[in-house]
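Okay, structure first, notes after.
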Amino acid sequence: MAKSAKDTAGNEEDGAGNGFKLVGHTNFVRSNPKSDRFPVYAFHHIEFWTSDATSAAGRFSFSLGMPLASKSDLSTGNPVHASYLLRSHSLLFLFSAPYPSYAAAAAGFSDGGPAAAIPSFSASAARRFSTSHGLAVRAVAIHVADAAEAFHVSVSRGARPAFPPADLGEGFALSEVELYGDVVLRFISSPPKNSESPKKIPSFLPGFEDLPDSNPHPLDYGIRRLDHAVGNVENLAATVEYIAGFTGFHEFAEFTAEDVGTAESGLNSVVLANNEEDVLIPVNEPVHGMKRRSQIQTYLDHNGGPGVQHLALASDDVLRTLREMRSKSVMGGFEFLEPPPSNYYDGVRRRAGDILSEEKIRECQELGVLVDRDDQGVLLQIFTKPVGDRPTIFLEIIQRIGCMTKDKDGREYQKGGCGGFGKGNFSELFKSIEEYEKSLEAKQSTLVPAA
């Protein structure tokens with residue numbers, strides 16, 4: 001039986017001297033040891049730090065069909081930061097920006113602390129973050145049974161503390177540990193839904209004002225949840241060992257340059273998962289010594305170090321979602337990478353023609369949707385171009401088909417990671433990104449003065 005990277009420790013040395021060896025997608029044998037060190041329920045939210053939360057939230061709302069659901073800013077009595085929460089079903093995106101230091105000082109507060117709705121927010125740190133990374137993810141938040149317990153267990157297992165447990169009131173708590181780079185893993189616990197408290201439980205967090213949707217035609221492009229959050233790092237071995245060590249998350253999949261690269265560039269990747277395999281955290285590292293610099297290295301250079309490379313958003317109808325998003329592209333919405341050549345869809349017919357109708361395949365071709373399949377289900381996916389000023393963070397829109405099963409109470413649900421992570425599409429994705437990078441390089445070369 002093939003072994004995972006953890007099992008083969010000591011067989012191969014990486015650049016840091018740690019024992020680490022990837023066996024690759026073909027030889028990797030998936031198993032679920034149910035090894036979480038504390039109860040993990042689901043992704044809770046993603047927080048972006050930016051210098052202008054209003055503009056960033058507005059663009060994402062328009063581009064993804066995510067209405068503004070809650071806010072915390074000067075109008076709610078928060079002099080430290082402006083934060084706007086977008087919601088599409090269970091997907092929550094929070095955009096936060098610092099107010100000037102004198103605003104908090106005039107109110108008698110420092111740049112964080114009790115005046116902030118997010119107690120771990122630091123205005124000075126947020127300004128440095130935006131300067132270093134541009135628009136980027138600061139926090140990957142997961143819903144846990146007890147934020148304090150998750151923090152203490154994590155730190156006891158080697159996690160680097162970022163913010164100690166804080167009682168937010170009304171049964172909510174928050175804590176944070178470092179994930180990679182300047183990104184934190186945020187633990188959120190909340191009161192049970194059957195709470196008999198006479199007060200209405202906040203839909204997001206205390207300190208945020210819920211906003212009723214008064215639009216008779218509310219935004220909804222069909223995006224349901226966060227499927228996975230992908231990080232780029234310099235050293236895959238050390239990062240995987242660190243995250244798995246304090247969370248207990250197990251390896252869900254492995255990919256090497258031989259699995260997913262092109263003749264010009266590549267990456268190595270490990271996907272970590274919780275017990276229920278619905279919190280998926282892939283981690284990538286660059287592969288060096290190829291014709292072109294790895295796209296992962298390009299990200300690391302422009303991001304100023306490790307960070308969240310992309311967020312995969314699951315739709316219940318990716319073709320409908322994509323039509324909505326494409327209609328907004330010409331009006332300031334997100335743009336997509338170039339579609340694959342037409343003969344790519346001949347392969348789709350061979351590998352997924354028994355699942356997808358000819359009409360669906362033609363729609364995928366029309367919209368540039370990539371199609372892959374594993375031994376359990378089918379994956380439809382498409383990628384945006386970078387969504388900020390830098391060639392760093394982008395979005396993936398996906399739909400998983402198949403893998404339906406039932407829980408102990410007879411409720412039907414879809415297994416996590418159904419259809420895989422697009423291994424069969426990586427070469428097409430890489431080619432599209434390579435062409436995008438080449439177009440940037442060509443434009444930059446015209447700006448270099450002649451010798």
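The values are calculated or read from the model by the stated rules, or taken from the named source; none is laboratory data. On a predicted model such as this, the values are computed, not experimentally measured, just so you know. Cβ atoms come from the backbone with ideal geometry, glycine included; neighbour counts cover every protein chain shown. In case anyone asks, the SASA skips ligands and DNA or RNA and just uses the protein heavy atoms, side chains included. Shrake-Rupley method; radii C 1.70, N 1.55, O 1.52, S 1.80 Å.
The Glu258 and Ser327 beta-carbon pair, evaluated with R₀ = 41 Å, returns a calculated FRET efficiency of approximately 0.60. Projected onto their three principal axes, the Cα atoms of the stretch 248-360 cover extents of 41, 36, 30 Å, largest first. Model label points for Asp146 and Tyr102, set 7 angstrom from Cα along the Cα-to-Cβ axis, are 4.7 nm apart.
Taking only protein heavy atoms and a 1.4 Å probe, the accessible area of the stretch 121-165 is 54% carbon and sulfur. A full extension of the chain between Val155 and Asp317 corresponds to an added length of 54.3 nm, given 0.36 nm per residue minus the alpha carbon distance. Between Ala162 and Glu176, Val177, Glu178, the built amide H atoms are under 5 Å apart, and every one of these is 5 or more places off in sequence or on another chain. The gain in end-to-end length when the Met404 to Thr26 segment is fully stretched comes to 133.7 nm, 0.36 nm per residue minus the alpha carbon separation.
Taking θ as phi - 60° and the Karplus parameters 6.51, -1.76 and 1.60, the scalar couplings of the stretch 119-124 work out to x, 7, 5, 10, 4, 5 Hz in sequence order, x denoting glycine and proline. Computed from backbone phi with θ = phi - 60° and the Karplus coefficients 6.51, -1.76 and 1.60, the 3J(HN,Hα) list for the stretch 288-303 is 9, x, 9, 4, 10, 5, 4, 4, 5, 5, 4, 4, 4, 5, 6, 7 Hz; x is used for glycine and proline. Computed extension gain for His89 through Ser132, at 0.36 nm per residue and net of the alpha carbon distance, reaches 12.3 nm. In terms of packing, defined here as the mean over residues of other Cβ atoms within 10 angstrom, the peptides 153-161, 355-363, 389-397 line up highest first as 389-397, 153-161, 355-363. Take the alpha carbon gyration tensor of the stretch 282-433, find the square roots of its eigenvalues, order them as a ≥ b ≥ c, and report rounded if a/c is under 1.5; if not, report prolate when a/b exceeds b/c, else oblate. Prolate, since a/c reaches 1.5 and a/b exceeds b/c.
Rounded, prolate or oblate, given the Cα gyration tensor of the stretch 116-228, with a/c below 1.5 counting as rounded? Oblate, because a/c is 1.5 or more while a/b does not exceed b/c. Kirkwood analysis of the stretch 127-185, using all unique Cα-Cα pairs, places the hydrodynamic radius at 12.3 Å. Less than 5 angstrom separates the built amide H of Gln309 from those of Val230, Gly231, Asn232, all sequence-distant by 5 or more or on a different chain. With both labels modelled 7 Å from their Cα along Cα-to-Cβ, the Thr76 to Glu335 distance reads 3.4 nm.
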